[in-house]
């Protein structure tokens, strides 16, 4: 009899804990600010294509009109810029994406078919170029995006072959995935890529987001009603731009639930990309970075 009561107690306790966890998740999502008001704008660009914020206070922006990458502080002061059209070190031919960590900055140099790596002060370190390598599996052309995992692996979104390539810290090829042999996880028209803190690779592909593990295995495929313009992940927060609408989700959730981030002030310019950091919403347009603060009525 005592054993039966004990089993029943354990089952009820497990059910209670599951309900409590669900309630905590719901409350955390409800408490998260979903409405934002305009605070200020920083930067002055000609045709910004991407940006990335590093927690140490630096902002990096690629301007494809000027073929340059710009380093700013959070007040909008330009600390340094490098670039100009060309194919030599620190020159670009349509820089379309930038990724940064506290030590390095990686710029996707699309028409030069390479990834250029700089230190945090934009001093050139190295480049990754594989388009003429003998092994076809490790070649990439017209890259659209790159990102580095917490393990130090570099992932490159290859638009020429519609796949993702993985390299180690030293630029050695490790694997490729998402190509024509990936079945329902094959990429059709990829545009952007980002990596969560737990190593999950997120790729926007037309009106879908596909996720892969670090070994290239497909995990999920999320469908949207509109085409995805960009996606960015900072820590465990992902923001997705659909036309001029911004969605938010946490990558730590088992089933991603996206919320619409509402702006009290309308953005008249095209939204290129967005980042959510420390509850501030940063929106990149072709000409500036608009900063929004949480708003509560």
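Which of the strands (runs of 3 or more DSSP E) found entirely inside the stretch 207-272 contain at least 2 residues meeting this: buried (at least 18 other Cβ atoms within 10 Å of the Cβ)?
Passing ranges, in order: 208-212, 228-234, 237-242, 245-250.
So residue 181 fits all but one of (1) outside any loop (DSSP other than H, G, I, E, B); (2) farther than 25 Å from residue 51 by Cβ; (3) in contact (Cβ under 8 Å) with a residue 12 or more places away in the chain; what number is the exception?
The one condition residue 181 does not meet is (3).
Out of all the residues in the stretch 48-96, which are exposed (fewer than 15 other Cβ atoms within 10 Å of the Cβ), within 22 Å of the chain's Cα centre (by Cα) and part of a loop (DSSP other than H, G, I, E, B)?
55, 56, 57, 65 - these are the residues of the stretch 48-96 that are exposed (fewer than 15 other Cβ atoms within 10 Å of the Cβ), within 22 Å of the chain's Cα centre (by Cα) and part of a loop (DSSP other than H, G, I, E, B).
Please identify the pairs in which a residue from the stretch 149-173 that is on the phi > 0 side of the Ramachandran plot and part of a loop (DSSP other than H, G, I, E, B) has its Cβ atom under 6 Å from the Cβ atom of a residue that is at pLDDT below 95 and surrounded by fewer than 18 Cβ atoms within 10 Å (Cβ to Cβ), counting only partners at least 6 apart or on another chain.
Short answer, once both residue conditions are applied: 152/169.
Tell me which residues, restricted to the stretch 123-140, are part of a loop (DSSP other than H, G, I, E, B), touching a residue at least 24 places away in the same chain (Cβ under 8 Å) and either under 20 Å from the mean Cα position of the chain (by Cα) or surrounded by 19 or more Cβ atoms within 10 Å (Cβ to Cβ) (or both).
Selection gives 130, 140.
The values are calculated or read from the model by the stated rules, or taken from the named source; none is laboratory data. Quick caveat: nothing in here was measured; it's all calculated off a predicted structure. All Cβ positions, glycine included, derive from the backbone under ideal geometry; neighbour counts span all protein chains shown.
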